[in-house]
Structures are given as C-alpha cells and as structure tokens.
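Below is one structure; the comments refer to it alone.
The values are calculated or read from the model by the stated rules, or taken from the named source; none is laboratory data. Quick caveat, the model's predicted, so the values are computed rather than measured. As a convention, Cβ positions derive from the backbone with ideal geometry for all residues, glycine included, and neighbour counts pool all protein chains shown.
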Amino acid sequence: MAKSTLTLQSTAKPVNRPNMDTEVASRLRDPFEVNYMGVLRTNDPLLLEKGGGGSQAFELYRDLKRDGKVYSGLQKRKLAIIGKAWQVEALEKSSTAERDVEIVTTMLKRINFDAICDQLLDALLAGFVPSEIVWTLRDNLVTPARVVKRAQRRFVYVQEDEHAPPALRLLTKSNMLSGEALPDRKFMVHRFNPEDDNPYGTGLGLQLYWPVFFKRKGILAWNKLNDRFGSPTPMGKYPRGSGPKEKGTLLGALKAMSNDGVLIIPEGMDVSLLESKLTGSISTQQSLCEYMDDWIMEVLLGQSPRGKGGGALAAASNEREDVRVELSQADSDLLSETINGTLLAWFCDYNGLTPCGVSRVIKKAEDLKAASETDKNISEMGFQMTEAGVKAKYGEHWEKKPAPGTEPPEKTSSFAEGAGVDPVAHITDELLDADDADWGAMVEHLQSLVEKTAEMSNLQKAIAQAYGDMPSDQLVKLMAAAMALAELKGMDAARTEA
C-alpha cells in the first residue's frame with residue numbers, strides 16, 4: 001500500500017516589494033500649483049500675496065528687522081544658542097576617532113563657527129538661508145577657508161524630476177527664471193519649518209508682519225496726535241481785498257512758525273474746530289503699540305503677554321524660562337542637523353575622517369539654593385553625598401571639612417595636659433636626631449648646663465665660655481636651643497609645683 005503524502009500550501013498573500021526611490025505625491029503632480037519650467041514657489045501665503053512669490057519677496061521679511069522689538073527678540077533667541085559651548089563627537093567607533101575629532105574641532109575654530117551659526121539662524125525670520133562654502137587646501141586637508149552667507153533673493157529651487165529633491169539654482173543676468181546649476185557640495189542651506197515639502201521654509205516673518213505693520217501705523221498716528229494737540233496751530237488773518245502776493249507773504253510767515261499745518265483766513269471769517277469729548281490723557285495709540293510688542297515677543301520667545309502670566313510672578317517666570325530653553329534646544333538641534341549633514345559630512349568624506357557631528361547642550365541653570373535644601377532633606381533621612389558628588393554639583397573648590405577634635409593641638413597645650421612628660425627630653429630628642437655626631441655631644445653638655453644653672457644670664461655666660469670658638473651661625477643655634485630648654489624646664493617646674 002502506497003503511503004499518502006500531505007502537502008501544505010501557504011495561504012499567505014505574497015508581499016510586494018516597495019517602490020524604491022520614488023515619490024508619488026511630489027509637488028510636480030500638485031494640480032493646485034503651477035510650476036513653470038520646474039521652478040518652485042514658496043508656500044508662504046504672505047509672500048505670495050505681498051511679494052508675488054518671487055525671490056524678491058523675501059526682502060519683505062528682511063525689512064522686519066528694522067523694528068527694534070523684532071531685532072531684540074531675534075538676538076535673544078540666537079544668542080541663547082551661540083552663547084553655549086559646542087562640542088564635536090565621533091558618530092562611529094574607530095581607532096582614529098579621537099584624532100579626527102580634534103581635526104574637525106580645529107577646522108570649526110578656524111572658520112569662526114559661532115559667526116556661521118549666527119548667520120544661519122536668520123532662517124528663523126526668512127525661512128531659509130543659503131551659505132556658500134569656499135574650499136581650499138591647508139595642511140594636506142581639503143578644508144573650508146570661509147563660509148559666506150548669500151541673499152535669498154538670488155536663488156530659486158527647481159525640480160525637474162518628480163522623484164528627485166528640488167535643486168538650488170543661482171539667478172544670473174543671463175538666466176533670471178530658472179537660474180544656473182550649482183556645483184555639488186558648494187552650498188549648505190538651513191531651513192526653518194519647511195512644511196508641505198517647501199524648500200524655502202516658512203519663517204516667523206509670516207506671524208510678525210502684521211503686528212509690525214499695525215505698530216508702525218499706530219506710532220505714526222500717535223506722533224500726529226502729539227503734534228496736533230501738543231502745540232497750537234498758527235492762524236493769520238489778511239485784510240479783504242488782499243492779493244496773492246500779500247497772502248503768500250502771510251502764509252510763508254506762518255509756515256516758518258510751525259512744522260506742520262498752518263491756517264490763513266480773510267479778516268472777518270470765523271473758523272472753529274470740533275474737539276473730542278475725551279478728557280485726560282489719550283493712551284489708545286500707546287496701548288496699541290504695547291499690544292503689538294507683546295504679540296511680537298510671544299511669537300519669537302513664547303512669552304505670555306504682560307499681566308497675563310497666570311499664577312504667581314515666580315511661577316510665570318519659571319514657565320517662560322522653560323519655554324525659552326526648549327525653543328533654544330530645538331533650534332540648536334535643527335541647526336546641528338543641517339551642519340552635520342552638509343559641512344561636516346563633506347569635510348570628513350573629502351579627507352577620509354571618521355564621521356563627526358557637532359552639537360550644543362542647552363539646559364536651564366540649576367537653582368543651587370533649592371538643590372542644597374533638597375540635599376539637606378535627603379541627608380536628614382540618613383543618606384550622605386560623596387565628596388566627588390559635592391564637587392560635581394557645587395564646584396571643584398569645595399573639600400571635606402575636618403571632623404571635630406581632629407585639629408592639630410597647640411604647641412603649649414601638650415605641656416599643660418597629661419602628667420609624666422619631660423618637656424626637656426622632647427627637645428633634646430629632636431636635637432640628638434641631628435646628622436652631626438659632635439652636635440649630639442654638645443646637646444648633652446647643654447642639657448647638663450641647663451640643669452645646673454638657675455639664672456638665664458649665667459647660662460648665657462657659661463655657653464659663651466664653653467663654645468666661644470664655635471662659628472657664629474652654630475653658636476646662635478646652640479644658644480636658641482639652650483633658651484628653649486631653660487624655658488621649658490621652668491614651665492615644667494611651675495606645673496609640678498602647682
């Protein structure tokens with residue numbers, strides 16, 4: 001009988017391989033966008049409305065830096081990053097990683113890395129910043145000699161292949177539409193908020209344009225109000241029948257008295273003004289300008305409007321500080337990604353170095369008072385911080401305090417405490433330990449003189465007679481030892497009598 005075989009067939013559906021290196025919904029297939037010759041336009045609605053979407057539209061955002069509040073906010077946001085230390089780390093493990101990190105660090109210092117970061121962070125306002133890398137050969141390394149920021153109006157993005165990313169093109173006199181192609185690894189571009197595959201990015205100018213616009217209009221109206229109600233309007237009357245020459249003379253005299261409006265009327269004519277019923281100081285324009293300033297700072301730094309922080313002042317201040325730290329760390333991370341993926345990647349590849357990356361760590365300054373109170377509470381629970389932990393947290397200038405009772409005793413206290421200790425023997429033992437054997441014999445003789453002589457003057461005479469031919473330096477040393485022995489002997493006698 002033949003054996004039957006059971007064949008199991010898989011019911012799972014075959015898995016289709018994904019389409020490699022393809023885009024399905026690229027901007028070239030967007031039915032709501034017209035891309036003539038592959039030139040992409042920005043998605044920023046304000047630039048499309050006010051600037052027509054062309055490369056010159058970015059000058060609209062550059063003009064915002066003339067406002068003092070905008071410039072101040074941008075400086076705070078940029079300096080919060082540039083003011084922090086940066087470090088280079090190897091992205092892969094290798095035997096030459098430490099050497100390569102040192103090479104990359106030296107390169108960044110030579111090209112003034114912080115200044116380059118300051119320029120690239122202008123993308124916060126405009127959306128993108130193109131910078132040209134000027135390569136050179138130094139110390140057998142292909143290295144950037146300098147990195148130069150270029151104006152946004154000189155560039156456009158062109159996408160000819162729907163499966164390839166848009167390419168940066170340079171507008172020239174001979175080609176002001178699609179621009180000229182650029183060499184590879186020549187330009188690095190930092191973008192801010194490139195939403196919907198927008199290579200131009202979307203800067204904070206979109207949110208800052210209108211508060212700056214209304215603020216300028218408010219200041220203009222405020223100045224007119226101050227001029228109108230701060231100084232009187234000159235008025236002159238000319239006689240009836242006066243000719244143009246007389247009227248012109250009167251008008252010229254009135255204009256010389258005022259920078260703004262003047263008024264001339266025929267004699268006998270009545271002129272009156274309709275005055276506002278408002279009383280007291282008029283602060284409408286001031287309130288408008290302050291509101292716009294609050295709007296600007298909230299966009300740039302995430303700060304709540306004045307008087308609307310919520311809760312206690314300290315809590316509101318801590319909240320604003322946390323927001324600023326988070327914004328700064330996010331801006332720093334995005335900037336590092338741009339530099340690591342372009343400048344550093346190209347430099348390491350050109351010179352065969354281990355791939356390296358640069359970064360900054362931005363954190364809120366620790367409240368040492370609160371930390372010390374926390375450490376104290378934990379210590380009361382029975383725990384103890386190590387000396388290394390204290391130095392790491394509070395600084396290297398701290399050291400452990402000596403325990404009570406371990407201080408070195410005073411020299412005189414050893415003779416006032418304890419019984420049976422001969423102070424003369426203590427001194428003579430130190431002198432007898434000297435290297436010179438003759439000096440040891442003299443010490444024994446000196447001790448016998450101290451024992452026999454009661455008066456200090458007699459002791460000095462005895463020493464002078466016995467060792468008058470000794471060199472002066474040794475005699476001084478011997479005399480000092482005798483005085484010390486005599487003094488200690490007297491102290492010991494006084495202690496014994498007591």
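Here are the numbers:
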quantity: Those residues of region 77-103 which are exposed (fewer than 15 other Cβ atoms within 10 Å of the Cβ) and either closer than 22 Å to residue 363 by Cα or touching a Leu at 6+ places or on another chain (Cβ under 8 Å) (or both), in sequence order; calculated: 79, 83, 85, 87, 89, 96
quantity: Lone unmet requirement of (1) closer than 18 Å to residue 191 by Cβ; (2) at pLDDT 85 or above; (3) not hydroxyl-bearing (Ser, Thr, Tyr) for residue 53; calculated: (2)
quantity: Sole residue being at pLDDT below 60, within 54 Å of the chain's Cα centre (by Cα) and outside the structural domain of residue 484 (by TED's automatic domain parsing), chosen from 396, 407, 380, 373; calculated: 407
quantity: Some residue of region 152-161 being without any contact (Cβ under 8 Å) to a residue 40 or more places away in the chain and among the charged types (D, E, K, R); calculated: yes
quantity: Only one of 121, 137 that is at pLDDT 95 or above, exposed (fewer than 13 other Cβ atoms within 10 Å of the Cβ) and of a type in the set (A, V, I, L, M); calculated: 137
quantity: Region 446-471, residues that are among the small types (Gly, Ala, Ser), in a helix (DSSP H, G or I) and modelled with pLDDT under 70; calculated: 457
quantity: Residue 480 vs. criteria modelled with pLDDT of 70 or more, part of a helix (DSSP H, G or I) and among the hydrophobic types (A, V, I, L, M, F, W, C); calculated: yes
quantity: Selection count, region 157-178, where residues are surrounded by 15 or more Cβ atoms within 10 Å (Cβ to Cβ) and under 17 Å from residue 196 (Cα atoms); calculated: 5
quantity: Boolean, residue 106 is hydroxyl-bearing (Ser, Thr, Tyr) and surrounded by fewer than 16 Cβ atoms within 10 Å (Cβ to Cβ); calculated: yes
quantity: Verdict on residue 78 being among the charged types (D, E, K, R), farther than 27 Å from residue 165 by Cβ and at pLDDT below 85; calculated: no
quantity: Any pair with Cβ under 7 angstrom, 6 or more apart, that starts in region 131-145 at a residue that is at negative phi and assigned by TED's automatic domain parsing to the domain that holds residue 103 and ends at one that is surrounded by 13 or more Cβ atoms within 10 Å (Cβ to Cβ) and of a type in the set (Ser, Thr, Tyr); calculated: 136/143; 142/350
quantity: So residue 89, is it within 27 Å of the chain's Cα centre (by Cα) and closer than 18 Å to residue 352 by Cβ; calculated: no
quantity: Candidates 213, 229 - the one that is over 30 Å from residue 23 (Cβ atoms) and at pLDDT 85 or above; calculated: 213
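Condition check ((1) farther than 27 Å from residue 160 by Cα; (2) in contact (Cβ under 8 Å) with a residue 40 or more places away in the chain; (3) surrounded by 10 or more Cβ atoms within 10 Å (Cβ to Cβ)) across all residues:
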residue	(1), (2), (3)
22	no, yes, no
26	no, yes, yes
39	no, yes, yes
52	no, no, yes
56	no, yes, yes
66	yes, no, yes
69	yes, yes, yes
